[in-house]
1. Rank Arg209, Arg258, Arg81 by mean-square fluctuation in a GNM of the chain with C-alpha springs under 10 angstrom and give only the top-ranked residue.
2. Full extension from Leu64 to Leu249: what is 0.36 nm times the residue separation minus their Cα-Cα distance, to one decimal in nm?
3. Suppose only helical runs count, i.e. DSSP H with n ≥ 4. What mean residue ellipticity at 222 nm does that imply for the chain under -39500 (n - 2.57) per run, divided by all residues and rounded to the nearest 500 deg cm²/dmol?
4. Kyte-Doolittle mean at least 0.5 and Cα extent at least 20 Å along the axis: which DSSP H helices of the chain qualify?
5. Give the shape of the stretch 1-140 as rounded, prolate or oblate, defined through the alpha-carbon gyration tensor: a ≥ b ≥ c are the square roots of its eigenvalues, a/c under 1.5 means rounded, and otherwise the shape is prolate if a/b is larger than b/c and oblate if not.
6. On full extension of the chain, what length is gained from Thr4 through Thr192, given 0.36 nm per residue of separation minus the C-alpha to C-alpha distance?
7. Quickly work out the Leu45-to-Lys256 label distance, labels modelled 7 Å from Cα along the C-beta direction, and quote it in nm with one decimal.
8. Which order, highest average first, do 101-107, 177-183 follow once you tally other Cβ atoms within 10 Å for each residue and take the mean per peptide?
Amino acid sequence: MPFTVLLVVLLAAALHAGWNALIRASSHSLQDAGLLVVGAAVWSLLFLPLLPLPAQASWPFLALSTALHIIYFTLVGLGYRFGQLSLCYPLMRGSAPLLTALLAALLFAEVPSAGNWFGIAVICGGIVPLATESRYAGSTTATAAKVALANGLVIACYTLVDGYGVRLSGQPLAYTGWLFVLTAAALLVGSTLLGRWSDWRQSRARWVRALIGGGCSLAAYGLVLWAMTRAPIALVAALRESSVAIAALIGTFFLKERLTPLRLVSIGAVTVGAMAIKMF
């Protein structure tokens with residue numbers, strides 16, 4: 001993996017951890033997850049008129065990814081309603097890389113080298129203690145764990161769909177922008193049909209947070225999709241999970257979650273895994 005791509009993915013990881021923390025800090029996490037998508041769509045509409053449409057071959061992937069992202073953001077909001085960042089985020093992001101690597105090997109014949117498999121395994125191994133510690137500490141519920149694990153599967157699915165779709169699109173930035181616009185449009189239509197649009201209109205005080213979080217989400221995923229055009233999908237997906245270590249630090253310094261020695265070891269394991277992916 002080229003060094004530039006490595007830095008881009010790490011930046012995306014930091015942005016991703018940041019917008020998750022914004023939702024976790026909210027007292028209306030499910031609603032704010034939807035608002036964040038709309039915020040990302042607003043930013044997307046600023047540059048999409050300047051870009052050509054993604055290639056037609058990528059449109060089916062874009063449609064499928066839209067459906068998956070609706071599920072994803074819904075589960076993000078539900079997960080943070082029931083559990084803390086220190087449990088939900090590691091389970092969501094930690095279960096995804098291994099599933100992504102296995103599916104990529106089966107579907108796209110992208111088989112990582114032994115060293116890369118080591119890096120993926122170490123990253124996943126470093127994430128597990130972060131989740132188990134929170135669970136045994138009684139800081140969350142079984143419902144949050146189930147929601148987060150289900151979202152890990154959704155993440156693995158949309159990672160592969162978008163990793164392939166963005167390659168066909170010829171326009172990574174346009175593909176990302178349209179993904180958020182279509183997802184936001186679907187959420188707005190759904191909220192209107194369910195009679196919940198009034199709740200969104202009453203959320204004006206949180207629109208600034210939505211625009212900030214939406215910008216972070218858009219930038220994070222756009223950078224990741226660009227990286228997937230320059231490096232194997234499974235490796236980018238695994239390195240992106242270094243966001244777990246960043247989220248642990250955010251949880252400690254901003255959400256007042258305790259940084260235990262076990263968490264420090266986990267952060268170190270994630271770092272070693274990321275280095276292994278770069279070296280091998």
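The values are calculated or read from the model by the stated rules, or taken from the named source; none is laboratory data. If you're wondering where the values come from, they're calculated on a predicted model, not measured in any experiment. As a convention, Cβ positions derive from the backbone with ideal geometry for all residues, glycine included, and neighbour counts pool all protein chains shown. In case anyone asks, the SASA skips ligands and DNA or RNA and just uses the protein heavy atoms, side chains included. Shrake-Rupley method; radii C 1.70, N 1.55, O 1.52, S 1.80 Å.
1. Arg258
2. Working: separation 185, 0.36 × 185 = 66.60 nm, distance 3.37 nm.
Between Leu64 and Leu249, full extension yields an extra 63.2 nm.
3. Values: 12 runs with 228 residues, N = 280.
The helix contribution divided over the chain gives -28000 deg cm²/dmol.
4. Numbers: long enough: 3-25 (33 Å, 1.75); 29-47 (28 Å, 1.55); 59-82 (35 Å, 1.18); 85-108 (33 Å, 1.54); 114-136 (33 Å, 0.78); 142-169 (40 Å, 1.01); 172-193 (32 Å, 1.53); 207-228 (31 Å, 1.35); 261-279 (27 Å, 1.37).
Both cut-offs are met by 3-25, 29-47, 59-82, 85-108, 114-136, 142-169, 172-193, 207-228, 261-279.
5. Working: a/c = 1.82, a/b = 1.07, b/c = 1.70.
Oblate, since a/c reaches 1.5 and b/c is not below a/b.
6. On the way: separation 188, 0.36 × 188 = 67.68 nm, distance 4.29 nm.
The span from Thr4 to Thr192 would gain 63.4 nm if fully extended.
7. Going from the Lys256 label point to the Leu45 one covers 3.8 nm.
8. Details: 101-107: 16.3, 177-183: 23.6.
Taking the mean over residues of other Cβ atoms within 10 Å, the ranking is 177-183, 101-107.
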